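K.L.:
Questions regarding the structure given below will be posed in turn.
Just so it is clear, none of the values below were taken in a lab; they were calculated from the coordinates. The structure presented is a predicted model; accordingly, all values stated were derived computationally and were not measured. Cβ: placed from backbone, ideal geometry, glycine included. Neighbour counts: every protein chain shown.
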Amino acid sequence: MKIQEHHARDIFKKYGLPVPDAAVATTPEEAKSAAEKIGFPVVIKAQVLVGGRGKAGGVKLADNAADAFDKASKILGMDLKGLIVEKVLVAPAVDIQSEYYIGITLDRDRKQHVVIASSAGGVDIEKVAEETPEKIGKHWIDPAYGLHDFELRKMLFGCGFEPKVALKAAGILMKLYKAVIDLDMSLVEVNPLVLTPSGDVLAIDAKINFDDNGLYRHPELKAFKESEDTDPIEKDAHARGLTYVRLEGGNVGIIGNGAGLVMATMDEVNRAGKGIAKPANFLDIGGGAQAEVVRNALEVVMSDPNVKAVLINVFGGLTRGDEVARGLLQAVEGTKLSVPVVIRLAGTNCKEGLEILKGSAFTPVESLADALEEITKFMTSKV
Amino acid sequence: MAIIIDENTKVVVQGITGREGSFHTRQMVAYGTKVVAGVTPGKGGQDMDGIPIFNTVAEAVKKTGANASMIMVPAAFSCDAALESLDAGIKVIVLITEGIPIQDMIEVWHRCKAAGVTLIGSNCPGIISTGKCKIGILPHAIHMEGPVGVVSRSGTLTYEVVDYLTKAGIGQSTCIGIGGDPLIGTTFKDVLIDYENDPETKAIVLIGEIGGSDEQDAAEIIKTMKKPVVGFIGGRTAPPGKRMGHAGAIVSGKGSTADAKVAALEAVGVPISDTIVGIVDLIKNVL
């Protein structure tokens, strides 16, 4: 789960990080008042759950009240990479002498949290990794040993942090690691961490991603949840609790029971489709094929105007094919299928299931090859 | 001989009285697995179909000699359940549950590694040593004894592949679903080494998908192996940056795409099938 910068700043503050005071505004008037209270110059930053806000024009400086009003009115309501800006952060524009990157994330391969630091802050960390890797420091945290200040100092001094910043950054990272553990964060970044001419070390930006699997034990974080979906069909699917990803340029809806099976089915449609049939989405209904879930799945997939046919691929393991078939019929009771729906049923009791589906609105088939043939037949006849 | 489990393995089911736990325990027993105990804290002294239920794994181990555990408890209690098994001396832990916080898995993973305990999962269908023992939820009716070792990150896709193999008369020595999460206890690498040393396994089917670098690590091991490996990699049409169901199935970086994994495996001589059913022909060629 991603959260807005201003919520991340609030969490940083709670953990004692040096974060300049700022305000959130939802109207240009609010932004102007906030800016006047803070004192100029200020920076006005779009609060949306996407990266690259600055490059996209969502971060602007303002020198005075009228300017703040003007900049805020330009940013509020802006479409930033598919998300509409509903609020802005108004923060003091800090004088920057030098900038750094610090963050903690998960190293999947080593199965450890890793602290990453760069003495070339403000720049895309991947670019630094490519061009000047000596400016990047990494420290993998032993979960039993924990994180120790000396380990951070070793890393920070070792990758070019100036001494005063190294000492402060070590302390900040200790606090951030505590937050990571307390709140089940999957990523936390301060980019940039800056040194001002007056010698202050400040966190100028804040980014936190939470491990979705940990959210159940942090109910207070629910308040920060906002939809990251820019696609209305994905938004609808997620609101219905469906595991759904829309694909660009597809025309065959894909539904299956099991993530690996669905991915493989998408790939098979793409291969057999030879450019005419392409997967339009991923949708895993999981085990059980309950009628309600199947109905929602079909509705969502068919709501995509690009979808001209649907392939449902179900392998019944412990789930029985006849149960799946009954669930499917129940799911479409009273509705009309707007596009041809091919259901490939395999595994336990598949013959019984296919028998039940004969004569229904579905096109039941036994093999995936048959399903692909049916699908390409439909799609070719449409061309 | 078999890998990880065999006909002598004694299993304790944590969460035996739950809906899933009880159902799958009965399936395992029907297959011939020696389920010697169940653990549901607070229900010690009861039994299910004659299987004694204990309050703690420690007591279950003491009274029955259980040496492997299947965990079917909710995600919120799974880390605790795994650590309890570890503490009680269990040597193989099959963690079926999905949705366990990553932080919990970090702890469980490192402790199991330090103790030399085999952890399978999380978010996995389990392991079946054909004809000998099943710990998990795989539909055992489709499995047949034979010379092919199967290792996969998927659930139903694995069953599909096994079904095709069995229908083609090609049996399986062991089938192990290592799980769809980003942090799993047993990786492709680990299982390949086991299969290489297993006299019952003559060839291996590897089913991978987008995300992580497990397939690339596997390629390094395959370089040193004598037994042939064939594979299938799902997710060639997956868009970058999106989680495709499995928490571990996400393209984030060049190495984590399906194409990168196919390339890494083909580079070490592993034929990769474009289709699910094509795996059967590939394995026929090498048997």
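K.L.:
Hey, for a label at A:Ile84 modelled as a point 7 Å past Cα toward Cβ, could you say which residues of region A:235-278 have their backbone N under 15 Å away?
P.N.:
In region A:235-278, the label zone of A:Ile84 (backbone N under 15 Å from the point 7 Å along Cα→Cβ) covers no residue.
K.L.:
Using a 7 Å offset from the Cα along the Cα-to-Cβ direction at both A:Lys377 and A:Glu226, what is the distance between the two label points in nm, to one decimal?
P.N.:
Between A:Lys377 and A:Glu226, the simple spin-label model gives 5.0 nm.
K.L.:
In a shell of Cβ-Cβ distance under 12 Å around A:Arg326, excluding A:Arg326 itself, what net charge do Lys and Arg (+1) and Asp and Glu (-1) give?
P.N.:
Net of charged neighbours comes to -4.
K.L.:
Just to be sure I understand the model, the point goes 7 Å from the Cα along the line to the Cβ. What's the resulting A:Val50 to A:Lys14 distance in nm?
P.N.:
Between A:Val50 and A:Lys14, the label points sit 2.9 nm apart.
K.L.:
Still on this model: Could you tell me the calculated FRET efficiency between B:Arg26 and B:Asn55, based on Cβ-Cβ distance and R0 = 22 angstrom, to the nearest 0.05?
P.N.:
0.50
K.L.:
Can you sort B:Thr33, A:Thr348 by how many other beta carbons sit within 10 Å, fewest first?
P.N.:
A:Thr348, B:Thr33
K.L.:
Using alpha-carbon positions, what is the distance between the centroids of region A:216-269 and region B:173-246, in Å?
P.N.:
If you average the Cα positions of each part, the centres end up 25 Å apart.
K.L.:
Among the listed pairs B:Lys134/B:Lys202; A:Lys175/B:Lys91; B:Lys134/B:Lys167; A:Lys71/A:Lys235; A:Lys60/A:Lys81, which have their C-alpha atoms separated by more than 25 angstrom in this model?
P.N.:
Details: B:Lys134/B:Lys202 21 Å; A:Lys175/B:Lys91 37 Å; B:Lys134/B:Lys167 20 Å; A:Lys71/A:Lys235 30 Å; A:Lys60/A:Lys81 17 Å.
Flagged as over cut-off: A:Lys175/B:Lys91; A:Lys71/A:Lys235.
K.L.:
Would you mind listing how long chain B runs along its three principal axes, going by Cα atoms, in whole Å with the largest first?
P.N.:
On the principal axes, chain B reaches 55, 40, 31 Å in Cα extent.
K.L.:
Pick out which of B:Gly146, B:Gly171, B:Gly245 has the largest mean-square fluctuation in a Gaussian network model of chain B, springs linking Cα atoms closer than 10 Å.
P.N.:
Answer for the Gaussian network model of chain B: B:Gly245.
K.L.:
How large is the Kirkwood hydrodynamic radius of region B:138-286, counting all unique pairs of alpha carbons, in Å?
P.N.:
Details: mean 1/r = 0.0664 Å⁻¹.
15.1 Å is the Kirkwood radius here.
K.L.:
Another one. Which lysines have a Cα lying under 18 Å from the Cα of A:Lys127, excluding residues fewer than 8 positions away in the same chain?
P.N.:
Result set, ordered by chain and number: A:Lys55, A:Lys135, A:Lys138, B:Lys254.
K.L.:
Which residue, B:Ala81, B:Ala58, B:Ala114, has the most motion in a Gaussian network model of chain B that connects Cα atoms within less than 10 Å?
P.N.:
B:Ala114
K.L.:
Taking a cut-off of 12 Å between Cα atoms, list the aspartates and glutamates near A:Lys164, but don't count ones fewer than 8 places away on the same chain.
P.N.:
Partners found: A:Asp200.
K.L.:
Inverting the mean 1/r over all pairs of different Cα atoms, compute the Kirkwood radius of chain A and quote it in Å.
P.N.:
After inverting the mean inverse Cα-Cα distance, the result is 24.0 Å.
K.L.:
Right, something else. Amide H of A:Gly316: which non-local residues (sequence gap of 5 or more, or other chain) have their own amide H closer than 5 Å, using H built in the peptide plane?
P.N.:
Residues meeting the criterion, in which the H sits 1.01 Å from N, are A:Ala346, A:Gly347, A:Thr348.
K.L.:
Would you mind checking region A:124-164 for residues with the amide N under 19 Å from a putative spin-label position 7 Å along Cα→C-beta of B:Lys254?
P.N.:
Inside the label zone: A:124-134.
K.L.:
For region A:142-153, what does the Karplus curve 6.51 cos²θ - 1.76 cosθ + 1.60, with θ = phi - 60°, yield as ³J(HN,Hα) per residue in whole Hz, taken in order and with x for Gly and Pro?
P.N.:
Working through the residues one at a time gives 6, x, 7, 6, x, 10, 10, 4, 5, 5, 5, 4 Hz.
K.L.:
Let me make sure I get this right: for region A:232-382, a, b and c are the square roots of the gyration tensor eigenvalues over alpha carbons, sorted descending. Under 1.5 in a/c it's rounded, otherwise prolate if a/b > b/c, else oblate. Which is it?
P.N.:
Details: a/c = 1.42, a/b = 1.15, b/c = 1.23.
Rounded.
K.L.:
Here is a further query. Please list the non-local residues whose amide H lies under 5 Å from the amide H of B:Gly235, H modeled 1.01 Å from N, same-chain partners needing a gap of 5 or more.
P.N.:
When sequence neighbours closer than 5 places are left aside, the close amide H contacts are A:Ala264, A:Asp267.
K.L.:
Let me ask something else about it. Taking beta carbons within 10 Å but only from partner chains, what does the mean come to for residues B:226-239?
P.N.:
Across the residues of B:226-239, the mean count of other-chain Cβ atoms within 10 Å is 4.
K.L.:
Moving on to the next point. Averaged over its residues, how many other protein chain Cβ atoms are within 10 Å of peptide B:99-109's Cβ atoms? Numbers along the way, then the final one.
P.N.:
Numbers: counts 5, 3, 10, 11, 12, 5, 4, 7, 3, 2, 3.
Taking the mean over all residues of the peptide, I get 6.
K.L.:
Most exposed first by the Cβ proxy, i.e. fewest other Cβ within 10 Å, how do A:Thr380, A:Thr319 rank?
P.N.:
With the sparsest Cβ surroundings first, the list reads A:Thr380, A:Thr319.
K.L.:
Name the residue, out of A:Ala166, A:Ala91, A:Ala56, whose mean-square fluctuation peaks in a Gaussian network model built on chain A with Cα pairs under 10 Å.
P.N.:
Of the options given, A:Ala56 has the highest mean-square fluctuation.
K.L.:
In region B:190-205, which residues have a backbone nitrogen under 20 Å from the label point lying 7 Å from B:Lys223's Cα in the Cα-to-Cβ direction?
P.N.:
The answer is B:190-197, whose backbone nitrogens lie closer than 20 Å to the label point.
K.L.:
What spacing in nm lies between the two simple spin-label points modelled at A:Phe150 and A:Ser303, each 7 Å away from Cα in the Cβ direction?
P.N.:
The answer from the label model is 5.8 nm.
K.L.:
Hey, another quick one. Compute the signed sum of charges (Lys and Arg +1, Asp and Glu -1) over the other residues within less than 13 Å, Cβ to Cβ, of A:Leu183.
P.N.:
Charge balance in the 13 Å sphere: -1.
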